[in-house]
Amino acid sequence: MPLFTRKTSKPGTAADNTSQNSNNSDGGKGKGASGLPATIQNNNNNNNNSADYTKPPLVFHCQLAHGSPTGLIHDFSSVRELYQKIAECFDISEKDILFCTLNSHKVDMARLLGGQIGLDDFIFAHRKGRPKEIEIVKSQEALGLTITDNGAGYAFIKRIKEDSIIDRIEHICVGDHIEKLDGQNMVGKRHYEVARMLKDIPTGDTFTLRLVEPVRSGFQGIGPRSQSRATGSAGGGRNYGSGKETLRFKANGNAQIEPQFDEATVAGIDAINNLLESFMGINDTELASQIWDLGDKKSNSMDFAESIDSSDLESFGFTDDFIIELWGAITDARRKSTTTPK
């Protein structure tokens, strides 16, 4: 049974009545329940005597990944607000949370919390562990890193390519937060900014990374350093929410409940993410989803390119060749969805 409960609203409000009627809506289950109590009627007297219906907030179950009681998280509309709510629930600093995984307490990069959460998903928050400073010689152009971020200011290592420069450095691990590069603070930068700075380091130069690893005590079985981009099956595949509906975070700061992605959308987003990883060294399901949305209803590559140029993605400076590659991934996913037997 959860040991943390929702903070009560101010007396006399509709939300207060909602809380009183729905605190036990999960029947005492500690995990997996979506916490979606039915809409209740507000019986407050008002001048027109009409019934006022108030829908309670979505509630998600959460634990600290290295072990904690179960908390209830609600009233957030962005990833940053979600981290704030988790910090409040467990009485820790928001800056202490590196990233979150869904339905697994392990440092499992296939289950990272990204741009959406399934309504039945259980959140695990990974806290900062020990810092480490490592000097690296860039002996070849590619370092072998895939970088992502937590949506709230921390970039970290999502994947390490086998037999790469980074793979040969034992103390650098998947899940490590990139805090500083040659003494320059990376906190607050998006993952593509950090990836670009690493890529711009001349071959042959030596640089220093200050990394912060997640707390690893309390669990075992951390995922492998390298995972195949072509598969998502052995570990359960990429997670786009286990529920039939998901809470999806929008670029404008609003969260919206949407149906679970269909097979074509999942395949297209995966393919776009693979291209982002190959060409830019980043991994971002939210960015891949945005690119898919821009191309989903387009009939040709010119219209797709124009939609990118008219969006906030224009600042990435995608080349014409890369846009053609993205368009190919979108059309391939569409084609496979129409030819796959039902």
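The values are calculated or read from the model by the stated rules, or taken from the named source; none is laboratory data. Just so we're clear, the structure is a prediction, and the values are computed from it rather than from any experiment. Cβ placement follows ideal geometry from the backbone for every residue including glycine, while neighbour counts extend to all protein chains displayed. Ligands, DNA and RNA are stripped out before the accessible areas are found, and what is left, the full protein with its side chains, is counted by its heavy atoms. Shrake-Rupley method; radii C 1.70, N 1.55, O 1.52, S 1.80 Å.
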Pull out all pairs, ordered by first then second residue, where Cβ-Cβ is under 8 Å, the residues are six or more apart or on different chains, the first lies in segment 317-328 and is farther than 9 Å from residue 279 by Cβ, and the second is in a loop (DSSP other than H, G, I, E, B). 326/318
Is there any pair linking a residue in segment 186-207 that is farther than 29 Å from residue 288 by Cβ and modelled with pLDDT of 95 or more to one that is of a type in the set (Val, Ile, Thr) and open to solvent by 60 Å² or more (accessible area, probe 1.4 Å), with Cβ under 6 Å and at least six apart or on different chains, and which? 206/137
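This table checks each residue for (1) among the aliphatic types (A, V, I, L, M); (2) open to solvent by 80 Å² or more (accessible area, probe 1.4 Å); (3) assigned to a helix (DSSP H, G or I).
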| residue | (1), (2), (3) |
| --- | --- |
| 277 | no, no, yes |
| 286 | no, no, yes |
| 294 | yes, no, yes |
| 306 | no, yes, yes |
| 315 | no, yes, yes |
| 321 | no, yes, yes |
| 324 | yes, yes, yes |
| 329 | yes, no, yes |
| 335 | no, yes, yes |
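Results for (1) closer than 18 Å to residue 61 by Cβ; (2) open to solvent by 10 Å² or more (accessible area, probe 1.4 Å); (3) touching a Pro at 6+ places or on another chain (Cβ under 7 Å); (4) outside any loop (DSSP other than H, G, I, E, B), shown as yes or no for each residue.
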| position | (1), (2), (3), (4) |
| --- | --- |
| 88 | yes, yes, no, yes |
| 98 | no, no, yes, yes |
| 101 | yes, no, no, yes |
| 105 | yes, yes, no, no |
| 110 | no, yes, no, yes |
| 114 | no, yes, no, no |
| 117 | yes, no, no, yes |
| 121 | yes, no, no, no |
| 124 | yes, yes, no, yes |
Over segment 147-164, the set of residues open to solvent by less than 10 Å² (accessible area, probe 1.4 Å) and more than 20 Å from residue 97 (Cα to Cα) is 160, 164
Among the numbered conditions (1) within 30 Å of residue 177 (Cα to Cα); (2) at pLDDT below 75; (3) open to solvent by 30 Å² or more (accessible area, probe 1.4 Å), tell me where residue 267 comes up short. (2)
